[in-house]
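A short worksheet on the structure shown next.
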Amino acid sequence: MKIIYHCYGGSHSSVTAAALHLKMLDNSRLPTGKELMKIPYYDKTAKDDFGSIRFMGTDEFGNDVYVLGKKSLGDRFSNVLMGVARMLGAEDQILVVNCMNRVNWSMKLGGFTSRQLGFPLLGRPVVTYGTQRAFMRITNLVEITRLKALKQCSKL
Amino acid sequence: MNILFIGTTGVYHALVAAKLFMGIDSQKELLSMPELGCRSLEDSGNPIYAGKDKRGNQVYCLGVGADVNMVKKSITQFMKILGFSHQDLIVKTIQSRNERAIFRLYQLSKLPGFHAIGHTCIVWDLKRGLSVLEQEVKIFQAELQNSKDLAYTQPSTRDD
């Protein structure tokens, strides 16, 4: 199964969720700034990366985990991808997860300053603080997704 | 094979392009389709099934918002990830000269009391650009026909 976490820029919340899913981060405690920066793609994407589906790894059940930045398309993007999967007869092989409902204002402001305006020195501490504050909510989303994936895999 | 026309909205230019592709070329018929400007179809975000052409290709249209090329990139990568190729699905972007304005007009038409004006303006633009759209679809059909690695033949025109 393929699991795609998506958010506005594919740089913070979706990357954190994918890292949690792949157990790159310990879900029992808040990550440090250094730990967050070690995650591939965390606060490292460029404008050209919008719309690119990037591979993050394979989980212990063999599910491939990807991240994606889709600008402000919201849940519509999940419907677009699920609709295309349905067209191809592959909707059982895919799980598309919108991370935007777990994003707080610090993440939005810090992410915008770092990635869109190109001032990582200013934006990075804010987005890191925001990610730490949203961490448990993102963990919750990942746990729900892992359960959904297990359920869907058992149906196949 | 599936063919997907994508545009800023799926219920105007992309829908008309899909119908033109299927061989419907009467302006009256195109502009009186019940799906034209249908908000519930558009807002679902799901591909809209336009029908089957004479060769059995399934034709769809889809509205993807302001950044059509970004979504095309995502869909193309998504297909590869799932193990499909352009033999299974071809994505054709439909971009008109005024697409930003059309997108804004569509957003405006969602507001209470503004549906009629938004719809009328978009249909007016559609009428004005219909010949260009027809030409674009013809070129696309020719490209498909000339493509050696596609199991595609041009759909015959409607005779029913």
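For residues that are assigned to a loop (DSSP other than H, G, I, E, B) and under 13 Å from A:Cys99 (Cα atoms), scanning just region A:57-75, find the one that is nearest to the other protein chains (Cβ to nearest Cβ). Here the answer is A:Lys70. Within the set B:Lys54, B:Lys80, B:Lys110, the sole residue that is at pLDDT below 90, surrounded by fewer than 15 Cβ atoms within 10 Å (Cβ to Cβ) and of a type in the set (D, E, K, R) turns out to be B:Lys110. Is at least one residue of region B:94-103 of a type outside the set (Gly, Ala, Ser), within 14 Å of chain A (Cβ to nearest Cβ), under 30 Å from A:Met1 (Cβ atoms) and part of a helix (DSSP H, G or I)? No, the conditions are met nowhere in region B:94-103.
For the subset of region B:1-16 comprising residues that are farther than 20 Å from B:Met79 by Cβ and in contact with a helix residue (DSSP H, G or I) (Cβ under 7 Å, 6 or more places away or on another chain), which member is farthest from the other protein chains (Cβ to nearest Cβ)? Applying the filter and picking the extreme gives B:Val16.
Kindly check whether there is at least one residue in region A:6-21 that is over 10 Å from the mean Cα position of the chain (by Cα) and either crowded, with 21+ Cβ neighbours inside 10 Å or assigned to a loop (DSSP other than H, G, I, E, B) (or both). For region A:6-21, residues over 10 Å from the mean Cα position of the chain (by Cα) and either crowded, with 21+ Cβ neighbours inside 10 Å or assigned to a loop (DSSP other than H, G, I, E, B) (or both): absent. Of the residues that sit in region B:83-93 and are touching a residue at least 40 places away in the same chain (Cβ under 8 Å) and more than 7 Å from chain A (Cβ to nearest Cβ), which one is surrounded by the fewest Cβ atoms within 10 Å (Cβ to Cβ)? This residue is B:Gln87. Under the condition of being of a type in the set (Ser, Thr, Tyr) and either at the interface with another protein chain (Cβ under 8 Å from one of its Cβ atoms) or in contact (Cβ under 8 Å) with a residue 24 or more places away in the chain (or both), the residues counted in region B:41-79 number 3.
Condition first: over 20 Å from B:Glu136 (Cα atoms) and either of a type in the set (S, T, N, Q) or within 12 Å of another protein chain (Cβ to nearest Cβ) (or both). Now tell me which residues in region B:17-40 satisfy that.
Going through region B:17-40, the residues over 20 Å from B:Glu136 (Cα atoms) turn out to be B:32-35, B:37-40.
B:Ser32, B:Ser40 - these are the residues of region B:17-40 that are over 20 Å from B:Glu136 (Cα atoms) and either of a type in the set (S, T, N, Q) or within 12 Å of another protein chain (Cβ to nearest Cβ) (or both).
Taken over region A:126-156, residues that are loosely packed, with under 15 Cβ neighbours inside 10 Å, over 17 Å from the mean Cα position of the chain (by Cα) and either without any contact (Cβ under 8 Å) to a residue 40 or more places away in the chain or part of a helix (DSSP H, G or I) (or both) amount to 4. Can you confirm whether region B:61-70 contains a residue that is assigned to a loop (DSSP other than H, G, I, E, B) and closer than 24 Å to A:Asp92 by Cβ? Yes, because at least one residue in region B:61-70 is assigned to a loop (DSSP other than H, G, I, E, B) and closer than 24 Å to A:Asp92 by Cβ.
Here A:Ser28 clears all of (1) among the small types (Gly, Ala, Ser); (2) at pLDDT below 95; (3) in a helix (DSSP H, G or I) except the condition numbered (3). When only residues in region A:79-125 that are surrounded by 16 or more Cβ atoms within 10 Å (Cβ to Cβ) and of a type in the set (Gly, Ala, Ser) count, which is nearest to A:Arg137 (Cα to Cα)? Top of the filtered list is A:Ser106. Within region A:27-48, identify whether any single residue is within 12 Å of another protein chain (Cβ to nearest Cβ) and surrounded by fewer than 18 Cβ atoms within 10 Å (Cβ to Cβ), and answer yes or no. Looking through region A:27-48, at least one residue is within 12 Å of another protein chain (Cβ to nearest Cβ) and surrounded by fewer than 18 Cβ atoms within 10 Å (Cβ to Cβ). Among the residues making up region A:86-104, a single one is more than 7 Å from every other protein chain (Cβ to nearest Cβ) and small (Gly, Ala, Ser): A:Gly89.
The values are calculated or read from the model by the stated rules, or taken from the named source; none is laboratory data. Quick caveat, the model's predicted, so the values are computed rather than measured. Please note: Cβ atoms are built from the backbone with ideal geometry, for glycine as well, and neighbour counts cover all protein chains shown.
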